[in-house]
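Derivation of every value follows stated rules applied to the coordinates shown; laboratory data play no part. Just so it is clear, the model here is predicted, and its values are computed rather than measured. No Cβ is skipped: glycine too gets one built from the backbone with ideal geometry, and neighbour counts run over all protein chains shown.
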Amino acid sequence: MTLDLTLAPLYRINGQEPASLPGLLAVSPPRKVARGREQDRLIVYLLLTGNATFTTAEYMQLASGAAAKFYQSPGTLTSALRAATEAVNQPLIERNMSTSGRGQYAIGWLALAALREPHCTILLSGPVHTFILGQEARQIYDPGLSGKGLGLAQNAAHYFTQVELQPNDRILLMGKVPSAWESTLTEGTPASLDATRRRLLTLTSEDLHAVLMQATTGKGALNLLRTASEPRAEVPHAQTAPTPAPIQTPSLTEESTAQPEPEPEPDSFPAHVVQPSAYAIPPQPEKTETPPATSITNMQATTTREFPPSIPRAKPKVETSEPQPAMDTTSKVEEPPTPREPSMRTRQAAKAAVNGMQTWRRGTQRLNDGLRKFLPRLFPGNESGESHEMPAYMMTFIALVVPLIVVTIAFVVYQRYGRSVQYQNYLAQAQNARKQAINLTDPVMQRDAWQSVLLYVANAEKYRTTDETNNLQNEAQGKLDQLLGITRLQFQPAFSSGLNIPISRLAANETDLYLLDARTGEVLRAQLTDHGFQMDNTFNCKPGPYGSYQVGPLVDILALPLLNSVNATVLGIDAAGNLLYCAPGQVPQAIPLPPPDTNWGRVTSFTIDSGNLYVLDAPSRAVWVYTGKDSAFVDRPYFFFGGQIPEIQDSIDIAVSGDDLYLLHADGHLSHCSYSRLETVPTRCDDPAPFVNPFAAYKGIDLFAQSHLTQMQFTPAPDSSILLLDSDNQGVWRIASRSLELQNQFRPTIGAGNPLPSGRVGAMTAGPNHVLYLAIKDQVYFSANLP
């Protein structure tokens, strides 16, 4: 089912109702998008609060930046939405840092709605209200999870929710809900979107900043409603919020054909002039300068300037050509208004500027006169009293060289003294933030304070890196890691150069490391020597014919115990259930698994526990268990689940410990099933199984929603914890097996000692000797002494 989405802005400021809502953006996928974004349509709703002033173009620049980052981010939908949120958070942080000396700040309330029929995934950052108006009205509002907004901390809090849209369902996004709307939004809504909008506008006279959206059966179009007096506009791949224009009548028409000509816009003006009652920062239209064009939005520009009707201004004098009557000499003559005298501070500043310009002119004139008198004396023949005029080329040379000397001197002075001043300012701010962090007791406030220390230190190191900044950074990062349960590990590369292969799986024993080539399905072996890991070019473990069996590309691998009946060191499996046993110096052995009663759909992953082989067939919603001995499996399997079969079609990995089975899904959630050996008690599953975060510093932050989990395995004996790979953040979680309580996170060290490049982690494994391996691109990195 393909749905059209129609957007109706609800915008009122100081009694006026401009047709366009700054910060609103509706975007269809451009021609060139990252992998995974081809079918995603995006709605951006941004509201800025605080006491700073923003123009319409600045509003749209933030919203367009979020949309551009979304379509440039591959991978899961949630990771792309998080990247778009960061594209708004970082500019606001930098702006707040630059204006903190003037006491100005801005906080962004953001809602991102990604539509992939029929599901709509919504990210909320800040106390944004969301109403789902369908067969049943539902409100989504949890400021404890969505946080205070953007621009306050490096790690902005946000909250995910998902709804399944049906035709005629409506979504309302807004910052503050008028009291008159509370009962109306829970009742049945009028038949048309126009009627709903007019009813909401009529119920209150308060300032409004909201957008009402309605889904209808169609072809996937995005439509923006405007007033009937405005020209009709087309919503191409990127629909931007239009320029403000006064609304004459509330009747609406749906835009669909041509891009409107923007009306003249005023410059930005102080926030207190147009301060609405509900929002601290009204979006101000500005003298239109076309912002840099991107693939997301095209802004039109105009140079005409006028003020909106919400700003009080003097009425222009009306000239008349009628003859004036003779003035009575006895009547009073009205004196013209006396201009206001400039303040003393203004006069002093103007006087200083004039004196400075005069001093500069006198200095340059004296220098010129001196050179005219001095340079001719250097010419031959001056002893006889001859007079030499300075050549024209010499005058040109002087005119060019003197400014260069002045600029060079100014640059040297700034590098030596100006940069030092900037460094000292940021260092002092970092030291003050450290003092505050030490005196705080609340974990959340401590977290924010130490993050501020790191931010100030990073700004100071743009000008100079010293022992003071290094010590402050190490202390702040250590305190922050302690609050968040992060353990830093020192990694080093396993190979001197990249292997030029994409790595999808890793397996390891005490001496060998096995890598699965995602492109060919072949297993490679690296042997640990005195000089590090060396590739074994003689090792053979790849798809192909083996006797009467044809093995396809392998999808998963496991390291086998050293003692087994097949004398193999690594075991692989293809999508059709064929096992391939491999060992150094031996020919691989192919043994197909006995097929289950329903035959194979497609093998996704497998694992071994207590001698039994567990095979995940996600498309068939099945986990098959093979009882074996010494890594040989010849008996027919039994079905793990009983009457309750969870939805596991999107499962990507499996882990088993005793009777507990865990399935990792593509969206990052876990399913936990406990096998029952009693006929009267069925096997039960928790789907999704809830994670538990015991660290108080994460209050207001959903750590699990911010992560991209792709692989898992149990830690080496005797521990029974589960390791989960957070691919995007280059981290590994360790959680308790039954309670699913987060124990800690493993992250690489920060700074010059970290050899890991940027990018997602493709594979992970932990060897029995407590060595953690991570594959990034075509290189493997390892850290010994895993806690």
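Observations, loosely collected:
- For A19, distant residues with modelled amide H under 5 Å away: A245, I247
- Packing, as the average of other Cβ atoms within 10 Å across residues, places the peptides 538-545, 761-768 in the order 761-768, 538-545, highest first.
- For region 664-677, the Karplus equation 6.51 cos²θ - 1.76 cosθ + 1.60, evaluated at θ = phi - 60°, returns couplings of 9, 9, 5, 7, x, 8, 10, 10, 10, 10, 10, 6, 9, 8 Hz by residue, with Gly and Pro reported as x.
- Residues whose amide H lies under 5 Å from that of G134, counting only those 5 or more places away or on a different chain, are R170; hydrogens are built 1.01 Å from N in the peptide plane.
- Label separation (W360 vs T216): 6.2 nm, computed from points 7 Å beyond Cα along the C-beta direction.
- Measuring against 19 Å, Cα to Cα, the residue pairs K32/K69; K462/K777; K479/K699; K69/K777 contain K462/K777; K69/K777 as the ones spanning a longer distance.
- For region 757-764, the Karplus equation 6.51 cos²θ - 1.76 cosθ + 1.60, evaluated at θ = phi - 60°, returns couplings of x, 6, x, 7, 8, x, 7, 8 Hz by residue, with Gly and Pro reported as x.
- Mean-position separation - Cα centroids, region 626-683 and region 685-717, in angstrom: 20 Å
- Estimated vicinal HN-Hα couplings, Hz - region 766-775 in sequence order (Karplus 6.51, -1.76, 1.60; Gly, Pro = x): 10, x, x, 8, 6, 10, 9, 10, 10, 9
- Distances between placed amide hydrogens fall under 5 Å for H708 paired with S727, D728, N729, all partners being 5 or more residues away or on another chain.
- Dipole of region 90-152 [Lys/Arg +1, Asp/Glu -1 at C-beta], most positive-end residue of Y105, T121, L133: Y105
- Summary of packing: across the peptides 664-674, 54-64, 495-505, the per-residue average of other C-beta atoms within 10 Å ranks them, highest first, as 54-64, 664-674, 495-505.
- Computed magnitude of the charge dipole of region 630-773 (debye, nearest 20; Cβ of K, R +1, Cβ of D, E -1): 380 debye
- Between region 61-137 and region 487-535, the alpha-carbon center distance in angstrom: 38 Å
- Computed over region 1-117, the P(r) tail beyond 24 angstrom holds 32 percent of alpha carbon pairs.
- Ranked by the mean number of other Cβ atoms within 10 Å of their residues, highest first, the peptides 739-746, 521-528, 33-40 come out as 521-528, 739-746, 33-40.
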